[in-house]
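The values are calculated or read from the model by the stated rules, or taken from the named source; none is laboratory data. As the structure is a computational prediction, the values presented were derived from the model and not from experiment. Cβ atoms come from the backbone with ideal geometry, glycine included; neighbour counts cover every protein chain shown.
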Amino acid sequence: MAKRGPKPQPTNLRLLQGGRVRNVAEPKPQAPPEIPDPPGFLNAYAKAEWFRIIEDLYSTGVYASIDESMLAAYCSAYARWRAAEEDLEKMAEADPTTHAALIKTTNGNAIQNPLVGVASSARRDMARLAAEFGLTPSSRTMINASQGEEPNARGRRYFAD
């Protein structure tokens, strides 16, 4: 069953915006001692995106060591999206009618250009799976890491008001 309402914000961001802690038992993964470099397997676009966002994530306490793989996956998805958009733009120059949104098959049928859906599909799947495992900062706000606490009046263990 899907949860209603907006996806929760990471606690550190909520505190910076003047909010309060909603999950007093939220796990607190270890932050690295310094801002990490990107993994070596990332391509140039992905590394540029890593460097663009890592300082803010690190300084606000949103990034923890266990987030490296998911941040690398995000950066890879960004790189795929950017490359696909650039390729689509090149194709669009030669296609003033559909701007490369559609291509013709060998049978002459018009179909959606595969470049349009590749990056967005992978990114959606990645984000959904990461949230299921509590591997994103926002999904950690809904995890109760304490043992034996009584639920509040709504039957939830994770809200402390």
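For the stretch 53-64, the tally of residues that are surrounded by fewer than 17 Cβ atoms within 10 Å (Cβ to Cβ) and assigned to a loop (DSSP other than H, G, I, E, B) stands at 2.
Residues that are at pLDDT 85 or above, in contact with a Pro (Cβ under 9 Å, 6 or more places away or on another chain) and more than 24 Å from VAL116 (Cβ to Cβ): does the stretch 41-49 have at least one? Yes: the stretch 41-49 contains one or more residues that are at pLDDT 85 or above, in contact with a Pro (Cβ under 9 Å, 6 or more places away or on another chain) and more than 24 Å from VAL116 (Cβ to Cβ).
Mind checking which residues of the stretch 88-141 are modelled with pLDDT of 75 or more, within 23 Å of the chain's Cα centre (by Cα), polar (S, T, N, Q) and surrounded by fewer than 15 Cβ atoms within 10 Å (Cβ to Cβ)? Across the stretch 88-141, the qualifying residue is only SER121. Cβ-Cβ distances below 8 Å connect the following pairs, each with a first residue in the stretch 70-86 that is over 22 Å from LEU102 (Cα atoms) and touching a residue at least 60 places away in the same chain (Cβ under 8 Å), a second residue that is of a type in the set (S, T, N, Q) and not in a helix (DSSP H, G or I), and a separation of six or more residues or different chains: MET70/THR136.
Within the stretch 23-52, the only residue that satisfies the criterion of being under 14 Å from PRO137 (Cα atoms), surrounded by 15 or more Cβ atoms within 10 Å (Cβ to Cβ) and free of Cβ contacts under 8 Å to residues at least 40 places away in the same chain is ALA31.
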